[in-house]
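The values are calculated or read from the model by the stated rules, or taken from the named source; none is laboratory data. The structure displayed is predicted, hence computed values, not measured ones. Cβ sites come from the backbone with ideal geometry, for glycine too, and all protein chains shown count toward neighbours.
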Amino acid sequence: MAHLIGRPVLRDLIPERAFARRTLRTALLCVAAAAAAPSPAATPPLEQAVKASYIFKFAPFIEWPSGSFAAPASPFVICLAGQDPFGPVIDEVVRGQKVAGRTIALRRVGSTVPAGCQILFLGRPAPSNNVPLVLTPGQPVLTITDAGSGVGGAIIQFVMQGGRVRFQIDDAGARANGLVISSKLLGLSIGASRP
């Protein structure tokens with residue numbers, strides 16, 4: 001029997017005031033960091049903050065299989081593999097947040113994904129690392145990446161459309177990993193791949 005993480009409503013994807021203030025504060029932190037060390041290929045700070053908030057805001061709309069957590073008190077684990085486009089932004093966004101009563105643990109991993117990740121963001125491969133990311137197919141992990149990152153096969157892919165962060169969903173890929181995506185989230189995606 002599958003376990004539903006929370007009872008999502010459509011407004012869960014729209015930040016509330018406190019969350020919006022945190023996202024703005026985080027974006028301002030990114031602007032300051034970007035000014036100190038500009039990079040022509042860097043993601044704009046507000047875009048980083050929006051994507052970082054989406055990563056954990058997706059969780060209530062996903063149903064993981066019942067054995068996905070080692071224990072009832074296990075944290076909800078978000079892993080970042082490859083180059084980290086968020087830096088301190090994602091740390092700030094998830095600080096103090098919970099998913100279905102579970103604290104969020106954020107882990108930056110190498111090319112081998114440890115067991116226990118519920119969400120895995122796949123960044124661009126690190127230039128110094130020629131080892132491909134190892135992910136066992138069929139694992140109950142929600143994979144997320146950016147369009148143009150050079151990483152394929154993710155269940156959710158961020159895309160920019162009309163200057164806004166949007167996302168595409170591979171529903172068949174999610175089901176192959178034992179995940180069930182809410183029809184509400186599927187309805188918000190663009191060009192969703194459905195069975």
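Identify all residues within the range 68-107 that are surrounded by 15 or more Cβ atoms within 10 Å (Cβ to Cβ) and in a strand (DSSP E or B); write none if there are none.
Passing the criteria: Phe76, Val77, Ile78, Cys79, Leu80, Ala81, Val99, Arg102, Ile104, Ala105, Leu106, Arg107.
Taking the criterion of being touching a Phe, Trp or Tyr at 6+ places or on another chain (Cβ under 8 Å), surrounded by fewer than 19 Cβ atoms within 10 Å (Cβ to Cβ), modelled with pLDDT of 90 or more and within 21 Å of Phe158 (Cα to Cα), would at least one residue in the range 54-62 satisfy it?
The answer is yes, given that some residue of the range 54-62 is touching a Phe, Trp or Tyr at 6+ places or on another chain (Cβ under 8 Å), surrounded by fewer than 19 Cβ atoms within 10 Å (Cβ to Cβ), modelled with pLDDT of 90 or more and within 21 Å of Phe158 (Cα to Cα).
Please go through the range 140-181 and pick out each residue that is surrounded by fewer than 19 Cβ atoms within 10 Å (Cβ to Cβ) and among the small types (Gly, Ala, Ser).
Matches in the range 140-181: Ala147, Gly148, Ser149, Gly150, Gly152, Gly153, Gly162, Gly163, Ala172, Gly173, Ala176, Gly178.
State all residues of the range 155-173 that are of a type in the set (Gly, Ala, Ser) and over 21 Å from Arg124 (Cα atoms); if no residue qualifies, say none.
Of all residues in the range 155-173, those of a type in the set (Gly, Ala, Ser) come to 162-163, 172-173.
Those that are of a type in the set (Gly, Ala, Ser) and over 21 Å from Arg124 (Cα atoms): Gly162, Gly163, Ala172.
Taking the range 141-195, which residues are modelled with pLDDT under 90, assigned to a strand (DSSP E or B) and more than 25 Å from Phe86 (Cα to Cα)?
Result: Ser193, single match.
Give the residue that is modelled with the lowest pLDDT, with candidates limited to residues of the range 39-53 that are assigned to a helix (DSSP H, G or I) and either out of contact with any helix residue (DSSP H, G or I) (no Cβ under 9 Å at 6 or more places or on another chain) or not polar (S, T, N, Q) (or both). Step through it out loud before you land on a result.
From the range 39-53, those assigned to a helix (DSSP H, G or I) are 45-53; that's our starting set.
If we keep only those that are either out of contact with any helix residue (DSSP H, G or I) (no Cβ under 9 Å at 6 or more places or on another chain) or not polar (S, T, N, Q) (or both) as well, we get 45-47, 49-52.
Values: Pro45: 82, Leu46: 89, Glu47: 90, Ala49: 91, Val50: 93, Lys51: 95, Ala52: 94.
Across the range 39-53, the extreme among qualifying residues is Pro45.
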